[in-house]
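Please read the structure below before turning to the comments.
The values are calculated or read from the model by the stated rules, or taken from the named source; none is laboratory data. Note that this is a predicted model, so its numbers are computed, not measured. Cβ placement follows ideal geometry from the backbone for every residue including glycine, while neighbour counts extend to all protein chains displayed.
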């Protein structure tokens with residue numbers, strides 16, 4: 001009888017846990033659905049006015065006194081968000097991977113723990129601190145570097161358009177650098193955890209066969225960790241696309257679609273933060289539509305990451 005009672009209690013506990021897990025998953029879906037419903041409902045006004053031109057126009061003329069004369073085109077902000085996030089990922093991934101490999105594969109045991117603490121500490125620094133450092137310290141000093149690079153490539157096709165003239169230190173590149181600094185701790189921490197899951201036997205076998213440390217990392221550690229590393233990079237990309245305060249302070253604030261890394265621009269989170277407080281009804285509808293666009297882009301990035309991870313697992 002005692003065995004039956006214990007078994008029935010265990011079954012009840014399993015059922016309770018199952019329904020709690022289902023409820024938690026359903027709550028996440030409910031919250032996402034409510035967010036999507038709210039944004040789509042409140043962005044209807046600007047989408048009815050602009051149509052598809054909202055996503056393809058590069059003109060953003062907010063006129064809260066006469067909404068009929070207002071124009072809202074999201075293209076510069078979509079471009080600025082993707083451009084700065086791409087710059088950040090290109091800069092951050094090699095550095096993050098290098099730090100993670102150094103901590104897990106090269107650094108002596110006494111040095112690993114302080115390095116881990118230091119990296120984790122960088123991850124919790126408020127974004128406004130990075131933004132203020134960027135606008136007060138980095139932006140004024142880096143303009144000279146931009147000018148030197150522009151002068152060096154002036155007259156070379158393609159390069160002169162990518163490394164164009166710098167009117168100020170606030171630019172796509174400055175925003176990308178700040179975002180890279182912000183996502184390096186996140187990617188590094190995740191990459192470190194993933195790399196540490198490599199079975200010691202695989203690394204020891206590679207070394208026993210005469211492989212150098214780099215050959216062991218290249219043939220054993222990286223192939224075993226590649227799925228998790230893709231997830232770490234995508235999480236960093238999502239953070240870079242959604243960053244608000246830091247990007248607002250250093251990106252420049254102009255609605256421009258340009259490949260010039262040293263030119264000023266704007267992003268979707270930055271324009272929402274800077275214009276929401278004084279926006280009228282149609283203006284707020286346009287800002288909410290920008291938020292909805294960012295939401296959809298984030299979902300698309302996550303779906304692409306899932307496909308990439310799935311393909312790598314099959315391979």
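Figures for the structure shown
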{"item": "Positions within region 134-168 being in a loop (DSSP other than H, G, I, E, B) and exposed (fewer than 12 other Cβ atoms within 10 Å of the Cβ), in sequence order", "result": "155, 156, 157, 158"}
{"item": "Qualifying residue in region 253-271 (condition: more than 29 Å from residue 176 (Cβ to Cβ), surrounded by fewer than 22 Cβ atoms within 10 Å (Cβ to Cβ) and assigned by TED's automatic domain parsing to the domain that holds residue 140)", "result": "no"}
{"item": "Check on residue 131, in contact with a helix residue (DSSP H, G or I) (Cβ under 8 Å, 6 or more places away or on another chain), within 24 Å of residue 79 (Cα to Cα) and either assigned to a helix (DSSP H, G or I) or at pLDDT 85 or above (or both)", "result": "yes"}
{"item": "Residue that is farthest from residue 221 (Cα to Cα) [pool: residues in region 157-205 that are modelled with pLDDT of 85 or more and in contact with a strand residue (DSSP E or B) (Cβ under 9 Å, 6 or more places away or on another chain)]", "result": "170"}
{"item": "Residue that is farthest from the chain's Cα centre (by Cα) [pool: residues in region 190-206 that are buried (at least 19 other Cβ atoms within 10 Å of the Cβ) and closer than 14 Å to residue 115 by Cβ]", "result": "195"}
{"item": "Residues that are assigned to a helix (DSSP H, G or I) and either touching a strand residue (DSSP E or B) at 6+ places or on another chain (Cβ under 6 Å) or over 22 Å from residue 133 (Cα atoms) (or both), drawn from region 239-274", "result": "none"}
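Yes/no per residue for (1) within 26 Å of the chain's Cα centre (by Cα); (2) under 19 Å from residue 254 (Cα atoms); (3) surrounded by fewer than 11 Cβ atoms within 10 Å (Cβ to Cβ):
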| residue | (1), (2), (3) |
| --- | --- |
| 20 | no, no, yes |
| 43 | yes, no, no |
| 74 | yes, yes, no |
| 99 | yes, no, no |
